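Asks: Quick one: the structure is below, and I'll ask about it shortly.
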Amino acid sequence: MSELVERVDELDRVLSVVGRAEAVRRGWLHRVAVTVCRDPAGRVLVHRRSEHLTRFPGHYELMVGGAVAVGESYEEAAGRELAEELGVRAPVPFVLKFLNRSGLSPHWLGIHEAMLLTGPEPDTEEVMWHDWVPEPELQRFTERYPFTPDSMEAFSRYARVKAAAGEHPRCRH
């Protein structure tokens with residue numbers, strides 16, 4: 001059985017509980033939470049999805065995350081996914097949310113961030129490679145490798161919010 005998610009409307013209000021596979025297949029809005037991971041030097045964690053995953057196998061990503069479960073907040077889902085995918089627990093403060101129409105299907109995307117003080121220990125079923133990349137090198141890196149469809153838009157929105165707030169990434173804890 002597909003994991004259950006809350007089908008939501010254009011204002012992110014819950015309409016019903018549905019299977020995630022059905023939400024994706026029918027293009028119904030649901031919620032997804034992701035986290036941008038940084039190290040104390042301000043570098044961004046980039047990872048490559050395992051080849052056996054059904055969604056975007058072998059593609060690179062700038063964030064870790066997944067569907068928000070029924071009754072879960074964006075922040076709870078971001079923390080759960082961080083632990084499941086990278087084997088770390090860290091505060092995941094909320095940065096922004098937007099209606100994302102790129103990627104596999106439309107969804108509300110809640111973006112969080114985490115400062116990782118210890119190295120991740122990724123679940124090899126989810127992540128086949130990871131490394132820390134200095135932010136100035138991200139553009140070149142993303143031009144060289146295939147990234148998931150919404151990675152660049154989501155990271156760009158995240159970076160704009162952080163810049164508008166005048167926050168330097170390595171000062172966040």
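The values are calculated or read from the model by the stated rules, or taken from the named source; none is laboratory data. Note that the structure is predicted; figures quoted are calculated from it, not measured. All Cβ positions, glycine included, derive from the backbone under ideal geometry; neighbour counts span all protein chains shown. Surface areas here come from the heavy atoms of the whole protein model, side chains and all, with no ligands, DNA or RNA. Shrake-Rupley method; radii C 1.70, N 1.55, O 1.52, S 1.80 Å.
Asks: Do we find that G110 is open to solvent by less than 50 Å² (accessible area, probe 1.4 Å), on the phi > 0 side of the Ramachandran plot, in contact (Cβ under 8 Å) with a residue 12 or more places away in the chain and within 15 Å of the chain's Cα centre (by Cα) in this structure? Steps first, answer last, please.
Replies: Details: open to solvent by less than 50 Å² (accessible area, probe 1.4 Å): yes; on the phi > 0 side of the Ramachandran plot: no; in contact (Cβ under 8 Å) with a residue 12 or more places away in the chain: yes; within 15 Å of the chain's Cα centre (by Cα): yes.
Considered against the rule, which asks whether it is open to solvent by less than 50 Å² (accessible area, probe 1.4 Å), on the phi > 0 side of the Ramachandran plot, in contact (Cβ under 8 Å) with a residue 12 or more places away in the chain and within 15 Å of the chain's Cα centre (by Cα), G110 comes out as no.
Asks: Determine whether A69 is at pLDDT below 90, open to solvent by 30 Å² or more (accessible area, probe 1.4 Å), farther than 20 Å from P57 by Cα and of a type in the set (A, V, I, L, M).
Replies: On the way: at pLDDT below 90: no; open to solvent by 30 Å² or more (accessible area, probe 1.4 Å): yes; farther than 20 Å from P57 by Cα: yes; of a type in the set (A, V, I, L, M): yes.
Taking the combined requirement at face value, the residue does not satisfy it.
Asks: Go through R160, R170 for me and flag whichever is at pLDDT below 95 and in contact with a strand residue (DSSP E or B) (Cβ under 8 Å, 6 or more places away or on another chain). Walk me through how you get there before you give the answer.
Replies: Numbers: R160 fails: in contact with a strand residue (DSSP E or B) (Cβ under 8 Å, 6 or more places away or on another chain).
Of R160, R170, the one residue that is at pLDDT below 95 and in contact with a strand residue (DSSP E or B) (Cβ under 8 Å, 6 or more places away or on another chain) is R170.
Asks: Just one of (1) modelled with pLDDT under 95; (2) assigned to a helix (DSSP H, G or I) trips up S105, so point out which.
Replies: (2)
Asks: Quick one: is L15 without any contact (Cβ under 8 Å) to a residue 24 or more places away in the chain, surrounded by fewer than 14 Cβ atoms within 10 Å (Cβ to Cβ) and in a strand (DSSP E or B)?
Replies: yes
Asks: Follow-up question, since we're still on this one. Could you check region 64-101 and list, in sequence order, the residues that are small (G, A, S) and either under 17 Å from V36 (Cβ atoms) or in contact with a strand residue (DSSP E or B) (Cβ under 6 Å, 6 or more places away or on another chain) (or both)?
Replies: Those that are small (G, A, S) and either under 17 Å from V36 (Cβ atoms) or in contact with a strand residue (DSSP E or B) (Cβ under 6 Å, 6 or more places away or on another chain) (or both): G65, G66, A67, A77, A78, G79, A83, A90.
Asks: Here is a follow-up. Out of R49, R43, R7, which single residue is open to solvent by 20 Å² or more (accessible area, probe 1.4 Å), closer than 24 Å to G119 by Cβ and in contact with a strand residue (DSSP E or B) (Cβ under 6 Å, 6 or more places away or on another chain)?
Replies: Of R49, R43, R7, the one residue that is open to solvent by 20 Å² or more (accessible area, probe 1.4 Å), closer than 24 Å to G119 by Cβ and in contact with a strand residue (DSSP E or B) (Cβ under 6 Å, 6 or more places away or on another chain) is R43.
Asks: Scanning region 86-102 for residues that are over 21 Å from S50 (Cβ atoms) and assigned to a loop (DSSP other than H, G, I, E, B), which turns out most open to solvent (accessible area, probe 1.4 Å)?
Replies: Per the criteria, the residue is R89.
Asks: How many residues does region 117-127 contain that are open to solvent by 70 Å² or more (accessible area, probe 1.4 Å) and either modelled with pLDDT of 95 or more or touching a Gly at 6+ places or on another chain (Cβ under 7 Å) (or both)?
Replies: Count: 1.
Asks: Is there a residue in region 155-165 that is of a type in the set (S, T, N, Q), closer than 22 Å to E84 by Cα and within 15 Å of the chain's Cα centre (by Cα)?
Replies: Within region 155-165, none of the residues are of a type in the set (S, T, N, Q), closer than 22 Å to E84 by Cα and within 15 Å of the chain's Cα centre (by Cα).
Asks: Oh, and also: With respect to E167, is the statement that it is touching a residue at least 24 places away in the same chain (Cβ under 8 Å) and loosely packed, with under 15 Cβ neighbours inside 10 Å true?
Replies: So E167 fails the test.
Asks: Does K162 meet the test of being in a helix (DSSP H, G or I), touching a residue at least 24 places away in the same chain (Cβ under 8 Å) and farther than 21 Å from R49 by Cβ?
Replies: Details: in a helix (DSSP H, G or I): yes; touching a residue at least 24 places away in the same chain (Cβ under 8 Å): yes; farther than 21 Å from R49 by Cβ: yes.
Criteria met by K162.
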